[in-house]
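Q: I have a structure here, written as structure tokens, and I will follow up with some questions on it.
Read the figures in this text as sums done on the coordinates, not as results from a lab. On a predicted model such as this, the values are computed, not experimentally measured, just so you know. Positions of Cβ are generated from backbone atoms using ideal geometry, with glycine treated the same way; all protein chains shown enter the neighbour counts.
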Amino acid sequence: MHDHIGETFDNFLAEQGILGECSEAALQRVLGWKLQQAMAAQGVTKTELAKRMNTSRSTVCRVLNGNTGVTIKTLSKAAQAANLNLVLGLTPR
């Protein structure tokens, strides 16, 4: 009845075949949230960030909403426009 008791949530997601997809979505959402926090602290609007990025407000909204289709290049531009550094890394599992 309780096949997964004692297992980690990551193990469960891996068994379901969706760990990578869920991890990517969570990372995108966290990045969007952190960007929103920086914008709020600096008083930067979505429109202003879009101007700084030389892009549309809808692109900014996709970044802030954690859209998984946003590229690393777009994330980097958004970070720079908000006076942040985007830092990527790889770690062992």
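Q: Once you have the Cα-Cα distance between Leu90 and Lys34, take 0.36 nm times their residue separation minus that, and quote the gain in nm to one decimal.
A: 18.2 nm
Q: Could you check the simple spin-label distance between Lys73 and Lys46, using points 7 Å along Cα→Cβ, in nm with one decimal?
A: The two pseudo-label positions are separated by 2.4 nm.
Q: Expressed in nm to one decimal, what extension gain is obtained for the pair Ala26 and Glu7 from 0.36 nm per residue of sequence separation less their Cα-Cα distance?
A: Roughly 4.8 nm would be gained on extension.
Q: Once the mean 1/r over all distinct Cα pairs of segment 28-81 is inverted, what Kirkwood radius in angstroms do you read off?
A: Answer for segment 28-81: a Kirkwood hydrodynamic radius of 10.6 Å.
Q: The chain: percent of C-alpha pairs farther apart than 23 Å?
A: Cα-Cα pairs in the chain separated by more than 23 Å: 35 percent.
Q: How large is ³J(HN,Hα), in whole Hz, for each residue of segment 15-32 in order, when computed from phi with the Karplus curve 6.51 cos²θ - 1.76 cosθ + 1.60 and θ = phi - 60°, using x for Gly and Pro?
A: Each residue's phi maps through the Karplus curve to give 4, 7, x, 10, 4, x, 4, 5, 5, 5, 5, 5, 5, 4, 5, 5, 4, x Hz.
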